[in-house]
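Peer 1: Before we start, here is the structure in question, set down as structure tokens.
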Amino acid sequence: MMGLVISAALLGGYYAILATGLAFMYSVMNIINLAHGALIVLAAYGLYVLGTQGIALPVGIVVMSVAMFAFGMLLHKTVLSRASGGGELLPLLATFGIAIILDNLMFQTFGADNLSLAPFVGDLSWASFELPGDIFVGQLSVYILVAALIIIALIETLMRRTDLGRRIQATSQDRATASLLGINTGRTAAIATGIALATGVFAATAMGLRSAWGPYSGSAQLLFAFEAVVIGGIGSMWRVLIGAMILAFAQSIGAAIHPQGFLIGGHLTFLIVVFYRLPTWRNAIAKFRQARVQA
Amino acid sequence: MTRTLTRRAALATGGAVLGAFTLGRSQAFAQSSRTLKIGFISPISGPLAGFGQTDGYVLDQARAALADGVTINGTAYSVDLLDRDTQSDPSRAGQLARDLINNDAVDLMIAVSTPETINPVSDACEAAGVPCISTVMPWEAWYFGRGAVPGEESPFNYTFHFGFGVDEFYQAYISQWDLIETNKTVGVMYPNDADGNAIRAVLVPKLVEAGYEVVDPGAYETGTTDFSSQIATFRAAGIEIFNTFPIPPDFAAFWRQAAQQGLHRQVKIAQLAKTGLFPADIEALGGLGNNMASACYWHRDFPYTSPTTGLTGAALCDGYEATTGNQWTQQLGASLSAIDVAMAALSAAGDPKDRDSVAAALPTLRADSIGGIVDFTAGPVKNVAHGPIIGTQWQAAEEGDHQFDYVVTENATDPNVPITGELQAYNA
């Protein structure tokens, strides 16, 4: 039982790290980035290529974070800034298109092989801490959870305590007013996109060390990230962590009930949250309560 | 009936005849009747692309060998191989098959690798009355999965499949697992998909009958990211043999979590299927990949020669490695064997351009191929010929460019295949 709780919490950390970039991009730019998964896979390929060149993984993460930050700015300038001028649907379609292009480009470049980053870190991917009571905790999962906490804390600090963060918030709330106040909104939004993609490098590291990926693995990553973001809701980045934890616990409870219940548990929770968030349902629930009070 | 020759008719006929001569007899006639068109459908891109990545090389070899055409029943034919990529999409596979049938008028279809490719292509061919030859998926999922009923006569007249079934897996596993002393407790992880459910329904009862205790925590969904409950079950049951049919990313996640819990120190035989067919799957596991047991439908050590290309298994694989720089995979021989069988079927037909004649020749076909003899007269059902599953192990390579060698450890389903190594205990 204790083991189950611990492993669910650690899984939540993994989902949190997957979802951070997606949530950040949605909360500051109102763009649901459907290419989020494909971009994580792209970063993973970058880390893999650097790894085969003999560059240590921590160095590779730094290099790739800079590279993905630059790529994010480029992506914003070339695609997202234009698309976000065209209503809510256009960025969605644009990022969907980017995902398809990236998937197939990565297939063309890297082939169909399933790759993993685990060979670059020796035994870390399966090393574990032994706790009393015959409980083994994967070291990697603990590090992923810690990394998720640090990244979310950093983003929160950035958003609330720094000048750049305030500029990003102002741009996301009201672009016209922000630019009236002298903020270069295009540049600010580009930086925000860069930050979102740079966090994807940590998601890529977690994914690559935890399992393996191929050129088309992006959509699976996107799914869990998306569910975590929706369950958590937007506002603070800590809500992503909460959403990820709820998703992980729902899946683990599902799996404990029935081995096929893992994904279903997560999806069901996701649906319940979505229905709860729908205004019509909330009104119906409120009316039902009122009726009961009156009765 | 009298016929009046009008000026208009005479002009039209004359024009047609002249036109035909202008186009040239060689083109206008030979293209339509003296060329054998063979469709070749496989997953070159998409999630199943691991299967299709060697097909380009195989097709190059076959095209080079068939460049001068073939002579069947005294008539010379040129051979046109039309390859199509399903992009791993079943509905696209069926669409491509219909397109090849209707627009290219193929004489014969080949479909290779996985139910997602083969079943829709076979269905399209059966409906259109085009002979189809397929390989590389469990024949049960092909035969029963498309509506055949056990005990009844085969409902298929144009579609034929050769290769392994669950029984070959059973024989290979029993033979492989006897090589090492274990407690005969097998943990199994079969996903909730076509392969996994077929294996669970057919293989598990046979293993139990053979004296193995099977620990099955139940089907899991592909894409699951945490396997704590299954691992706990396996640890508690003290399994020493492990068998699974997952996709590679799922297995990498599962096996690392299992190793975190210490399961890898207790398992003596880790028997993979589906994952571990190709070297990249094992390399992705890092240090945990060494001594993973596997089973192959073809191996470079198969002692057979492809009648179409004249290549032996070793020559095919060496050529592939020299051309691409990649390690050989078992798909090379499997795809080439399908072309070998297709050419044999066309040769055995009275008229290779006649679809019914080709279909009629197939049930009695006994064809040589790079994968051994494919014998439709000795199959489990009319439209199916058996193929082997050979037990193997990925062992750390002592020399050469590649990280792992794919070593043959048992040969119960084809004793002609030489055993080249001893099965090593995984936890040794």
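The values are calculated or read from the model by the stated rules, or taken from the named source; none is laboratory data. This is a predicted model, so every value here is computed, not measured. Quick reminder, even Gly has a Cβ in these numbers, built from the backbone with ideal geometry, and neighbours come from all protein chains shown.
Peer 1: For the stretch B:48-128, please list each of the strands (runs of 3 or more DSSP E) lying entirely inside it that holds at least 1 residues being within 14 Å of chain A (Cβ to nearest Cβ) and within 18 Å of the chain's Cα centre (by Cα).
Peer 2: On the way: elements: B:70-72, B:75-85, B:108-112.
In the stretch B:48-128, B:75-85 are the strands (runs of 3 or more DSSP E) which contain 1 or more residues that are within 14 Å of chain A (Cβ to nearest Cβ) and within 18 Å of the chain's Cα centre (by Cα).
Peer 1: Can you pull out every residue in the stretch B:123-158 that is of a type in the set (A, V, I, L, M, F, W, C), under 19 Å from B:S88 (Cα atoms) and surrounded by fewer than 23 Cβ atoms within 10 Å (Cβ to Cβ)?
Peer 2: Matches in the stretch B:123-158: B:A141 only.
Peer 1: Somewhere in the stretch B:115-130, is a residue touching a residue at least 12 places away in the same chain (Cβ under 8 Å), closer than 30 Å to B:Q230 by Cα and touching a helix residue (DSSP H, G or I) at 6+ places or on another chain (Cβ under 8 Å)?
Peer 2: Narrowing the stretch B:115-130 to residues touching a residue at least 12 places away in the same chain (Cβ under 8 Å): B:115-126, B:128-130.
Add one more test, that the residue is closer than 30 Å to B:Q230 by Cα, and what stays is B:115-116.
Retained after the next criterion (residues that are touching a helix residue (DSSP H, G or I) at 6+ places or on another chain (Cβ under 8 Å)): B:115-116.
Taking every residue of the stretch B:115-130 in turn, at least one turns out to be touching a residue at least 12 places away in the same chain (Cβ under 8 Å), closer than 30 Å to B:Q230 by Cα and touching a helix residue (DSSP H, G or I) at 6+ places or on another chain (Cβ under 8 Å).
Peer 1: For A:L223, indicate whether it is surrounded by fewer than 22 Cβ atoms within 10 Å (Cβ to Cβ), touching a residue at least 40 places away in the same chain (Cβ under 8 Å) and within 13 Å of the chain's Cα centre (by Cα). Even if it seems obvious, please write down each step before you answer.
Peer 2: Numbers: surrounded by fewer than 22 Cβ atoms within 10 Å (Cβ to Cβ): yes; touching a residue at least 40 places away in the same chain (Cβ under 8 Å): yes; within 13 Å of the chain's Cα centre (by Cα): yes.
So A:L223 passes the test.
Peer 1: Looking at (1) within 13 Å of another protein chain (Cβ to nearest Cβ); (2) under 24 Å from the mean Cα position of the chain (by Cα), which is the only condition B:A270 fails?
Peer 2: For B:A270, the failing item is (1).
Peer 1: Moving to a separate point now. Working only within the stretch B:388-405, note down all residues that are in contact with a helix residue (DSSP H, G or I) (Cβ under 7 Å, 6 or more places away or on another chain) and of a type outside the set (V, I, T). Let's see the steps before the verdict.
Peer 2: Residues of the stretch B:388-405 in contact with a helix residue (DSSP H, G or I) (Cβ under 7 Å, 6 or more places away or on another chain): B:388-391, B:394, B:402-404.
Scanning the stretch B:388-405 gives B:P388, B:G391, B:W394, B:H402, B:Q403, B:F404.
Peer 1: Among (1) away from every other protein chain (no Cβ under 12 Å); (2) in contact with a strand residue (DSSP E or B) (Cβ under 9 Å, 6 or more places away or on another chain), there is one condition A:G138 misses while meeting the rest; what is its number?
Peer 2: Here A:G138 clears every test but (1).
Peer 1: When the residues of the stretch B:273-298 are filtered to those that are more than 12 Å from every other protein chain (Cβ to nearest Cβ) and closer than 17 Å to B:A425 by Cβ, which remaining residue is surrounded by the most Cβ atoms within 10 Å (Cβ to Cβ)?
Peer 2: Among those residues, the one meeting the criterion is B:A293.
Peer 1: Still on this model: B:E209 is checked against (1) within 12 Å of another protein chain (Cβ to nearest Cβ); (2) over 15 Å from A:H258 (Cα atoms) and fails just one. What number does that condition carry?
Peer 2: Condition (1) is where B:E209 drops out.
Peer 1: While we're here: From (1) among the basic types (K, R); (2) without any contact (Cβ under 8 Å) to a residue 40 or more places away in the chain; (3) within 14 Å of another protein chain (Cβ to nearest Cβ), pick out the condition that doesn't hold for A:R210.
Peer 2: Single failed check for A:R210: (2).
Peer 1: Now for a separate question. Select the helices (runs of 4 or more DSSP H) contained entirely in the stretch B:184-292, then report the ones holding at least 1 residues which are under 30 Å from A:G51 (Cα atoms). So that I can check it myself, show each step before the final result.
Peer 2: On the way: elements: B:194-209, B:228-237, B:248-260, B:279-283.
Result: B:228-237, B:248-260, B:279-283.
Peer 1: Only one of B:Q271, B:Q260 is modelled with pLDDT under 95 and among the polar types (S, T, N, Q); which? Break it down into steps so the answer makes sense when it comes.
Peer 2: Details: B:Q271 fails: modelled with pLDDT under 95.
So the residue among B:Q271, B:Q260 that is modelled with pLDDT under 95 and among the polar types (S, T, N, Q) is B:Q260.
Peer 1: Mind checking whether some residue in the stretch B:372-382 is under 12 Å from B:F162 (Cα atoms), in contact with a Pro (Cβ under 8 Å, 6 or more places away or on another chain), of a type in the set (G, A, S) and in the same structural domain as B:R146 (by TED's automatic domain parsing)? Walk me through it before giving the result.
Peer 2: Of the residues in the stretch B:372-382, the ones under 12 Å from B:F162 (Cα atoms) are B:372-382.
Then drop every residue that is not in contact with a Pro (Cβ under 8 Å, 6 or more places away or on another chain), which leaves B:372, B:376-377, B:382.
The next check asks that each one be of a type in the set (G, A, S); those that pass are B:372.
Narrowing further to those that are in the same structural domain as B:R146 (by TED's automatic domain parsing): B:372.
Yes, that holds for at least one residue.
Peer 1: Then there's this: Taking B:K184 as meeting all but one of (1) surrounded by fewer than 24 Cβ atoms within 10 Å (Cβ to Cβ); (2) in the same structural domain as B:V358 (by TED's automatic domain parsing); (3) in contact with a strand residue (DSSP E or B) (Cβ under 8 Å, 6 or more places away or on another chain), write down the number of the exception.
Peer 2: Of (1) surrounded by fewer than 24 Cβ atoms within 10 Å (Cβ to Cβ); (2) in the same structural domain as B:V358 (by TED's automatic domain parsing); (3) in contact with a strand residue (DSSP E or B) (Cβ under 8 Å, 6 or more places away or on another chain), only one is false for B:K184: (2).
Peer 1: Checking B:P120 against (1) at pLDDT 95 or above; (2) surrounded by fewer than 19 Cβ atoms within 10 Å (Cβ to Cβ): exactly one of these is not met. Which one?
Peer 2: So B:P120 meets the others, but not (2).
Peer 1: Could you please tell me which pairs satisfy a Cβ distance under 8 Å, a separation of 6+ or placement on different chains, a first residue in the stretch B:225-249 that is more than 12 Å from chain A (Cβ to nearest Cβ), and a second residue that is in a helix (DSSP H, G or I) and modelled with pLDDT under 90?
Peer 2: Every condition considered, the pairs that remain are B:F245/B:D195; B:F245/B:G196; B:F245/B:I199.
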